[in-house]
1. What order, most packed first, do the peptides 201-207, 77-83, 150-156 have when packing is the mean number of other Cβ atoms within 10 Å of each residue?
2. At a Förster distance of 30 Å, what's the computed FRET efficiency of Glu81 paired with Lys206, Cβ-Cβ distance as r, to 0.05?
Amino acid sequence: MSSSPFSPIAPFRADEDDDENKGDGLRAAMMSKFLEARTVMLFGGVDQKLAERISMQLLYLDHISNEPIKLIVNSPGGHVESGDTIHDLIGYISSPVAIIGTGWVASIATHIFLSVPHERRFCLPNTRFLIHQPSGGAGGKASDIAIQAQEIVKMRERIARKIADATGQTYEKVLKDIDRDFWMDTKEAKEYGILGNVISHASEVKF
């Protein structure tokens with residue numbers, strides 16, 4: 001049976017698996033080189049799998065030495081507790097960490113970004129930042145829905161407190177700001193207290 005480029009059934013190619021394996025091997029080799037440079041990449045949605053990988057890499061680098069680590073972040077956010085793990089682990093290890101934002105640093109990724117002191121928060125020129133309150137779909141019995149709603153309120157207050165502590169904004173202002181999606185460019189993020197410095201070159205990351 002012939003297959004056009006628009007056919008839902010693509011023709012089988014014997015080399016497809018080989019190409020995929022080569023791609024995985026290249027990524028693994030590049031990741032190894034990044035780790036040799038004490039650089040960790042956090043790209044994409046934050047979930048348990050990503051939190052495990054980032055945690056393993058941070059712990060591994062910290063085990064080798066207490067030299068500085070660079071964490072590059074481009075993320076739309078994701079699972080709050082997974083983000084909490086990365087956030088807390090950055091403070092747990094002995095190695096100092098600098099975070100470099102690129103693309104977008106949104107939602108729980110901003111929480112991770114705020115895990116380091118102000119002077120160690122960098123970003124590239126076109127980065128955008130987003131803070132907002134956590135959300136979740138509640139289902140089940142009415143009593144369970146009420147419990148989930150209470151937990152979301154607690155989470156919202158906790159994250160607002162962290163943003164306030166890390167930026168110098170008042171808790172009340174942050175609560176108001178995160179009631180809706182609050183986007184910031186680099187200038188606005190710096191004025192808000194989220195961002196330390198905008199950089200264009202790796203040589204500008206000094207800590």
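No value in this document is a laboratory result; all are computed from the given coordinates. As the structure is a computational prediction, the values presented were derived from the model and not from experiment. Here Cβ is always computed from backbone atoms with ideal geometry, including for glycine, and neighbour counts include all displayed protein chains.
1. The most tightly packed comes first, giving 77-83, 150-156, 201-207.
2. The calculated FRET efficiency here is 0.35.
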